[in-house]
Amino acid sequence: MQDCLQLVRDRLTNYRNLFQKELTESELAEILALEEKLDKSAIAIAVFGMVSRGKSSLINALLGEKLSETGATHGTTKDIAVYAWDAGGKIQLRLIDTQGIDEVGGEIRGEMALEAAKQADLILFVIAGDMTRLEQEAIANLQKYYKPILLIFNKTDLYPECDRYAIHSALQNAEMQKLISPQEIVLTSAEPKPFKVRLQYSDGRDSQEVWEQPKPDVQSLKERILDLLNTEGKELLAVNALRSLLETQKTVTQRHVQKLQASTVIVALVFIAEAIGMLISPWRWGDGLIGGIFSGLFVIWALGKYPSQKKYLWLMVILAIAVFAGGVGLNNEVARYIQIIGSGLSLLLLFKNLIADIDQSQASGKLGAKTLISEIIRDIPEGSILKRFQNI
């Protein structure tokens, strides 16, 4: 398979160009932002979880400097914060610090965190012990957005080795593996608790005890993230950009369907008026002229509603055949029925092709996002973190 990022760029550009007049300003802006993100190879990593699990501390440890305010009280992270992470390599990384899913302040903050997670390419879901029901439900909800998730068991320094092993084993049970595979679990200690050490002085001074702060233990997480990005970074970017495009295509499809539903009555009235005009017309050439005027006006109206459907001008050929039928030496009644059937078929074919294009815009055709997502996931190696989404 050729470069998946280039395939996605082409898909975005072609869709934007073809449906430009039918996209809202915000939808156009989102597609342009996706194209820019692909050009920069920028990957967003959202750190997600309940409060007091060490999300901000984990970001500080990954960045190597203290940027996020941390604390034990609910609501410490007041806004979603984004940090650039220079982890080496050509891929630009951004770490997104979100509010806890259980923060005091209500559902709005939780929704903001979910929205940030939807925009991310990779999610780090942080826990600090046995997983709660709320955390399991949150991971299940995140799976609906088809985002790869690494489960971070943080604050491991607070547990004796036997307890740490028991918790780690519990996270790998059959129920959990429906959400997270064992390969997607990483143990960290982003901000280990300080411990006392006794200082001995060689000059004879009395020894004293001081508190020493251990270094963060996040190396295994760094290696897992970088390994993931080195092996699947392009595919992560490509699939997540296509997921965003797919949401836009679904919205455009819904608008098209609503327009078509509103147009059903108009189509029926056009055909009825056209048929009556042909039946009462005393001239065969008049029958063809009436059919041509009514159907021609309808085609022009349809093209005005759907500027991307200019290829349907060929339907005028069917109308020309109906006009020709009125001029041949057929019985007047036979000619009229041929004209009525021809005009009706032109309207039917127009609608059938519009519906086919709507299906294409939703994702299943040559411009569709879903088709390309399936192709990309199908071609990645077994064991990939993206393989979980191969049946989307």
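Against the conditions (1) exposed (fewer than 13 other Cβ atoms within 10 Å of the Cβ); (2) part of a loop (DSSP other than H, G, I, E, B), where does S52 fall short? Just the number, please.
Evaluating S52 over (1) exposed (fewer than 13 other Cβ atoms within 10 Å of the Cβ); (2) part of a loop (DSSP other than H, G, I, E, B) leaves (1) as the failure.
Before we move on, is D217 closer than 24 Å to I167 by Cβ, among the acidic types (D, E), over 30 Å from the mean Cα position of the chain (by Cα) and surrounded by fewer than 21 Cβ atoms within 10 Å (Cβ to Cβ)?
yes
How many of the residues in the stretch 245-260 are crowded, with 18+ Cβ neighbours inside 10 Å and of a type in the set (S, T, N, Q)?
2
Residues of the stretch 48-62 being over 20 Å from D130 (Cβ atoms) and modelled with pLDDT of 90 or more, which ones?
I59, N60, A61, L62
Scan the stretch 1-27 for residues that are over 16 Å from G368 (Cα atoms) and without any contact (Cβ under 8 Å) to a residue 24 or more places away in the chain and report the count.
Residues flagged as over 16 Å from G368 (Cα atoms) and without any contact (Cβ under 8 Å) to a residue 24 or more places away in the chain within the stretch 1-27 amount to 4.
The values are calculated or read from the model by the stated rules, or taken from the named source; none is laboratory data. The structure displayed is predicted, hence computed values, not measured ones. Note: ideal-geometry Cβ built from the backbone for every residue, glycine included; neighbour counts use all protein chains shown.
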